[in-house]
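The values are calculated or read from the model by the stated rules, or taken from the named source; none is laboratory data. Only a predicted model underlies this, so the values are computations on that prediction, with no experimental measurement involved. Note: ideal-geometry Cβ built from the backbone for every residue, glycine included; neighbour counts use all protein chains shown.
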């Protein structure tokens, strides 16, 4: 039995979102039961295609002719919704294959979502069946597929009880099914509709990235929201996000897993492993995905992402008719290190003529103007024209509720004159009509100060997908030669150090010595270290002795170290030891490279020493990185402030550090053997101009070689 | 002219909130103008008292007899609202005094709110007038006073255009006027009413604390919300908060100033200085005020604070019908270091009988049960009875929108059987009716996952007002003697060190030496330091030399140091230097005491070294503190993890450190001379049992002595 050709791309999108005939496998005749709902919902929301209930016990279900098996249906089916108990799912998929149904959405659960080996095995077997018979799968454990323009509501979700659902131009892909319902119902309450929605469930086959890719080509979709628990299928998600950017469709993610607890939960809940929040942030940033941290920001942010300054200065202009209300937004922006800029001198002078003194103020408060439309509109025009700010934030008080013509209508007017500028509006009172007025004009309008600040932060931190960085190595031949040493059985510090030297990272000179060697021409004081291809953390086994002042002490230390290792059943490679002059720097960094199972190669830089882990003060990016990104990373490490000119302390060699970050990141391009993990801890940072120097080296190859 | 007796307490509360006759000074006959609104609003919202418009240009205003001056009114007035331009405010207040009006609410602005010296002078002059003629003031720059049970809406706020306003049992005091409108309108949209509201404006006279104190005695008020920009009048606020706790009325604060930007803004906006977020947190914590960080949590949290466990374990139980929805709350809780606990073995077994396997899961997900009421209710009963958790969080999915009888009604039923347990409900879809059903049953119900997590965190971090800590000094006589040295002209390190020794903090032994002294019996290596009563940071002027190994080097270092100081026009006191053996510890801390201008004496402990400031890793409390609080503070300093048994590192003497924190905090009780600031940087923490030792000492007295 060989696998049948399976649908993808445009054809798959059509079957998924625009089917002409759908089958409901396991449809109940009781319209209140979960399995009875989809048929009712399709009718209620005006699906124009044909619906075929599949139920072996009945000839008719909810007024429609029913069939025992999908193979009995006397017409071609585009899309089947599978709602039978899990043990009957594989047979249902086989029937789909036999009848030529190209895609099935599986509501049934009890597969990888169980979080145990049994569930995973069942899911693997199911996927095999689907691949064999040429059926693409959504799910299992999917809450369904929606295309509101067509009334396609292929789901059991009770949220579809809503009498009508308006269509909009934003689509959603979610790893949580119930979240779709939440967005749908919250959107409906505010007059926000969606274009398409899809719950990927366990992603046995179709993953978030493939759906996003289909939505890139969807004429009804202007922007895509992602609710993510994990980064399963990261490469396809990355490619799709880059394509969305090319199509000028913003992609926004809310991802669980900001806390350890959240990560653990996401793992059990969806059966997927999740990386830490920083890895996810690095991934989103590299591929042009905006990330929000407040759930409802998902509903509100889309219009904001169609504007924005090219260069991000972390600066906004804020105007308001209510000082206290504006302060609730500005306080939050300040927490994200975003500043406000005062009015330009021209605007200040112009407002002064109207008796409003805003000169030098962090926010431009027009309360004094008593919400006069002309002043409000003129001020907003001036702010939108002022390119110093990344975005303009307008905070409107009670006038939004009772006198929208004074403040809300002028926002719409001013925005229409500056359609490419980023503008965010927070409405302080409850004023649903004003929110809707703004949204209908394509202006980002927010219900809460936290949502507004979150969206502005997400906009400012968003970057266009990073261009692919040249991966050329410092000296590919030298790297290959250095890697040859440890290719078979791993790298000890000396061997790893040679690799780092070959990629262009300065390494402290060292000598390999053994007991009895002449030790007189060393530059004391020195450090003595064991050599091992297997012991990763040498200090944990007492394998490092520091500050040895003379040859005699060194000889003694070697003897002592050899004995100490022996007692633990360890030995230094070839009974040689590494001896290195003690090095000094202004600060210590930890520079590391690793391959994340989800997102691939990563480079990180953090402050060295015991506190690194405690403060988690580390910057992470997908590797390789450009020199610009390396500088940005160094800037993000708070503890490295000490070498950036903090409080008159001597500046460290940030340039050399940035070059080292770039060099380390390029380990991603070493293909055979593939490097799994590399770490320099510490990398000493010397005074400006004096460079950096690695005084330790750790390198591991991937066990599965390419 | 002597000041007239001025109203306070119950009498003032009656005049403010329950006036029989009010005067509107500066009332306009145009009901759409700001100054024409209050008269219209009072009528619209059913104020039953008499209203007297004061307008020198008219005999009649909006159908009521008008008077030129308040002194012309032929009846006693309880409460006047002043809306005239600022230059006419003092005369209006004089008129109030002449007519025996006990309290005036001043809407007029242009006083301290201008943020300049002119405005402040005008406000001082105004307060003097009011004090002279016996009138209490709300404002200036107040958005008014509200008592919804009486229809008293003494305000120009456009929010009062709402046709009707329901009364509730929660009151609000705000330093921002517009925020009252926001709470009022957002509350109305959700069916949440308020009892009383007051905008304190510039707080020239009546401050937040005095209003809170009145509300403690108010039979219509069950809880009080504070919107704060600063902690003006902190002592009266503290006393009122403690009284509210005695009356079992929770007090909740949202305070601006979490970021530097927010603080700067609050300062200009209200003309008040604000301390940093940690100082405010310390203040709230000491006095039993819960602090929320999301604005709308103010609307939602009150019912939660009537429950809660006595002992806080930072643990909650979470049950849900939607895994993804619950994860959005739990992820946030995890960020606040709050854990979830799995179901008890009893509950797990009982659910297993219904085919629901929750054993060991972080959240108790009943999705599998298909929202069956009996199971839902039984599970919640079990969780509410389980005292391991500080609170129970229930996250309800789509059933809340269409089938509240399945999940929402059982919550109400279960909660009624466990009225003292803390219960928070987050509703995932838009389901205003379910939110209202819960709220009407006195259950805390939340619209957003962030609001729910914020409230649960605020509950868990809330403490009953701390009991007053005994302030007895280690040895009051010794402290007095040690303080005598520096009382006149300040303390050099040696003098400050004697004070610390006297309060019971171990200080490293030192000798005072001068050039030519016999230096042989010192315990080398030593540190050499200048002595100065004026130079605070000795290292900034090169006044410290470390690691001196012998007498000859010491003599040379002294000569060098003397010359170096001379070149800066400085000298060591009496040409003596402080010599101290180099000390070692496992970690360095900074232990400090200072008097904050708003909240009073504070004690803080942080990690020593250059990174302290960068990471702001410091714990702050109002001084004095108990030993329990000192341990709690040490626990809060992340960087001190290294001495708390982190990763097998040797434990430091946390007990000795806690005792030192307590001793430092008791400097608050030293009255004459009063200590303004004290700092030990560093305080070395030695291995467990080996104590702590101060190796530097800084002490400053208050310039204004008591």
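Summary of computed values
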| read-out | value |
| --- | --- |
| Single match in A:87, A:11 (criterion: surrounded by fewer than 23 Cβ atoms within 10 Å (Cβ to Cβ), without any contact (Cβ under 8 Å) to a residue 24 or more places away in the chain and part of a helix (DSSP H, G or I)) | A:87 |
| Verdict on residue B:16 being over 27 Å from residue B:216 (Cβ atoms) and either buried (at least 17 other Cβ atoms within 10 Å of the Cβ) or at pLDDT 95 or above (or both) | no |
| Residue match in the stretch B:411-423 (condition: within 14 Å of chain A (Cβ to nearest Cβ), crowded, with 17+ Cβ neighbours inside 10 Å and within 19 Å of residue B:328 (Cβ to Cβ)) | no |
| Hits in the stretch B:168-202 (condition: in contact with a strand residue (DSSP E or B) (Cβ under 7 Å, 6 or more places away or on another chain) and under 14 Å from residue B:440 (Cα atoms)) | B:168, B:170, B:187, B:193, B:194 |
| The stretch A:176-190, residues that are surrounded by 24 or more Cβ atoms within 10 Å (Cβ to Cβ) and either away from chain B (no Cβ under 11 Å) or assigned to a loop (DSSP other than H, G, I, E, B) (or both) | A:176 |
| Unmet criterion (only one of (1) surrounded by fewer than 24 Cβ atoms within 10 Å (Cβ to Cβ); (2) away from chain B (no Cβ under 13 Å)) for residue A:404 | (2) |
| Extreme residue, farthest from residue A:388 (Cα to Cα), among residues of the stretch A:326-343 that are more than 7 Å from chain B (Cβ to nearest Cβ) and without any contact (Cβ under 8 Å) to a residue 24 or more places away in the chain | A:337 |
| Close pairs (6 angstrom Cβ cut-off, 6 or more residues apart or separate chains): within 13 Å of another protein chain (Cβ to nearest Cβ) and surrounded by 24 or more Cβ atoms within 10 Å (Cβ to Cβ) in the stretch A:386-401, part of a strand (DSSP E or B) and at pLDDT 90 or above anywhere | A:393/A:316; A:393/A:318; A:393/A:424; A:395/A:320; A:395/A:426; A:396/A:427; A:400/A:427 |
| Filter result (in contact with a strand residue (DSSP E or B) (Cβ under 7 Å, 6 or more places away or on another chain), in a helix (DSSP H, G or I) and closer than 23 Å to residue B:489 by Cα) within the stretch B:527-567 | B:538, B:565 |
| Residue that is buried (at least 17 other Cβ atoms within 10 Å of the Cβ), out of contact with any helix residue (DSSP H, G or I) (no Cβ under 8 Å at 6 or more places or on another chain) and closer than 26 Å to residue B:284 by Cα, where the choices are B:460, B:443 | B:460 |
| Conditions (1) within 14 Å of another protein chain (Cβ to nearest Cβ); (2) at pLDDT below 95; (3) on the phi < 0 side of the Ramachandran plot; number of the one not met by residue A:227 | (2) |
| Helices (runs of 4 or more DSSP H) completely within the stretch B:568-679 that count 3 or more residues being surrounded by 21 or more Cβ atoms within 10 Å (Cβ to Cβ) and within 23 Å of the chain's Cα centre (by Cα) | B:627-636, B:654-665 |
| In the stretch A:113-152, residue surrounded by the most Cβ atoms within 10 Å (Cβ to Cβ) [restricted to those that are touching a helix residue (DSSP H, G or I) at 6+ places or on another chain (Cβ under 7 Å) and within 12 Å of another protein chain (Cβ to nearest Cβ)] | A:143 |
| Answer residue from the stretch A:153-171, given it is more than 13 Å from residue A:192 (Cα to Cα) and more than 7 Å from every other protein chain (Cβ to nearest Cβ) and is farthest from the chain's Cα centre (by Cα) among those | A:163 |
| Residue in the stretch B:90-105 that is surrounded by fewer than 24 Cβ atoms within 10 Å (Cβ to Cβ), touching a residue at least 60 places away in the same chain (Cβ under 8 Å) and closer than 30 Å to residue B:442 by Cβ present | no |
| Residue match in the stretch B:499-509 (condition: over 35 Å from the mean Cα position of the chain (by Cα) and either over 30 Å from residue B:650 (Cα atoms) or modelled with pLDDT under 90 (or both)) | no |
| Flag if residue A:356 is without any contact (Cβ under 8 Å) to a residue 60 or more places away in the chain, within 13 Å of another protein chain (Cβ to nearest Cβ), farther than 21 Å from residue A:442 by Cβ and under 37 Å from the mean Cα position of the chain (by Cα) | no |
| Subset of the stretch B:324-364 that is more than 13 Å from residue B:426 (Cβ to Cβ) and in contact with a strand residue (DSSP E or B) (Cβ under 7 Å, 6 or more places away or on another chain) - its residue that is surrounded by the fewest Cβ atoms within 10 Å (Cβ to Cβ) | B:339 |
| Contacts under 6 angstrom Cβ, first residue in the stretch A:28-53 being in contact (Cβ under 8 Å) with a residue 40 or more places away in the chain, partner surrounded by fewer than 20 Cβ atoms within 10 Å (Cβ to Cβ) and part of a strand (DSSP E or B), 6 or more apart | A:49/A:21 |
| Qualifying positions in the stretch B:613-628 - within 11 Å of chain A (Cβ to nearest Cβ) and on the phi < 0 side of the Ramachandran plot | B:613, B:614, B:615, B:617 |
| Members of the stretch B:652-673 found to be touching a residue at least 60 places away in the same chain (Cβ under 8 Å) and either within 14 Å of another protein chain (Cβ to nearest Cβ) or closer than 18 Å to residue B:487 by Cα (or both), listed by number | B:652, B:667, B:668, B:669, B:670, B:673 |
| Residue match in the stretch B:465-479 (condition: in contact with a strand residue (DSSP E or B) (Cβ under 6 Å, 6 or more places away or on another chain) and either touching a residue at least 24 places away in the same chain (Cβ under 8 Å) or away from every other protein chain (no Cβ under 14 Å) (or both)) | no |
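Conditions (1) surrounded by 23 or more Cβ atoms within 10 Å (Cβ to Cβ); (2) within 19 Å of residue A:113 (Cβ to Cβ); (3) modelled with pLDDT under 95, marked per residue:
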| site | (1), (2), (3) |
| --- | --- |
| A:192 | no, no, yes |
| A:197 | yes, no, no |
| A:214 | yes, no, no |
| A:222 | no, no, no |
| A:233 | no, yes, yes |
| A:237 | yes, no, no |
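Quick grid of which residues meet (1) at pLDDT below 90; (2) on the phi > 0 side of the Ramachandran plot; (3) crowded, with 18+ Cβ neighbours inside 10 Å:
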site	(1), (2), (3)
B:514	yes, no, no
B:529	no, no, yes
B:546	no, no, no
B:549	no, no, no
B:555	no, no, no
B:561	no, no, yes
